[in-house]
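The values are calculated or read from the model by the stated rules, or taken from the named source; none is laboratory data. Values in this document were obtained by computation on a predicted structure and should not be read as measured data. Neighbour counts run over all protein chains shown; Cβ positions are idealised from the backbone, glycine included. We work out accessible area using only protein heavy atoms, side chains counted, and drop any ligands, DNA or RNA first. Shrake-Rupley method; radii C 1.70, N 1.55, O 1.52, S 1.80 Å.
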Amino acid sequence: MDFPREEGSNAGQTSMASELKLYGASSLVDQLDKQVVVCLRDGRNIVGWLRSFDQFANIVLEDAVERIVVAETFGDVPQGIFVIRGENVMILGEIDPSKESLITQRLQQVSADEIKRALQAQKEDKKAFQRKEKLEWPIQEDF
């Protein structure tokens, strides 16, 4: 089926780049050399600079940190170069640098050691709750 074209050298034609939609792993090309956050299947969140990917969505992050949030605190645990197998990625998103500073306004940043201790304490509390153990509360019940 032929469609009428406007006269002129490029009239009525759209560039191939504007029509090109990438699907699957190839859509990661827009995030190359940008800071991204990756949510993994095991619940971890990794923040780093996307440096490479392949057709299986395996990705390489540079200057990666594991961002751990516990209650009203967060900490970044340095990981360095981080290679992630594509099947472990739940979601990947670009970080907006202008909104990254909002995290420190809402949450208190602590050291990597402190956040690891807080995460361990949170896990122990969760296990105790699942075992239905009575937890010791700091408040005395005198009524």
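Across the range 87-143, what is the total count of residues that are modelled with pLDDT under 85, under 26 Å from residue 33 (Cβ atoms) and assigned to a helix (DSSP H, G or I)?
Selection size over the range 87-143: 2.
Can you report the number of residues in the range 31-62 which are in a strand (DSSP E or B) and either of a type in the set (Gly, Ala, Ser) or under 14 Å from the mean Cα position of the chain (by Cα) (or both)?
Here is the first cut: in the range 31-62, the ones in a strand (DSSP E or B) are 35-40, 45-53, 59-62.
Now narrow it down to the ones that are either of a type in the set (Gly, Ala, Ser) or under 14 Å from the mean Cα position of the chain (by Cα) (or both): 35-40, 45-50, 52, 59-62.
Residues that pass the stated criteria total 17.
Mind listing whichever residues of the range 63-85 are surrounded by 15 or more Cβ atoms within 10 Å (Cβ to Cβ) and either in contact (Cβ under 8 Å) with a residue 60 or more places away in the chain or over 14 Å from residue 116 (Cβ atoms) (or both)?
64, 82, 84, listed by residue number.
Among the residues of the range 1-60 satisfying the criterion of being over 21 Å from residue 78 (Cα atoms) and basic (Lys, Arg), which is modelled with the highest pLDDT?
21
Name the single residue, out of those in the range 42-58 being more than 29 Å from residue 118 (Cα to Cα) and touching a residue at least 24 places away in the same chain (Cβ under 8 Å), that is least open to solvent (accessible area, probe 1.4 Å).
57
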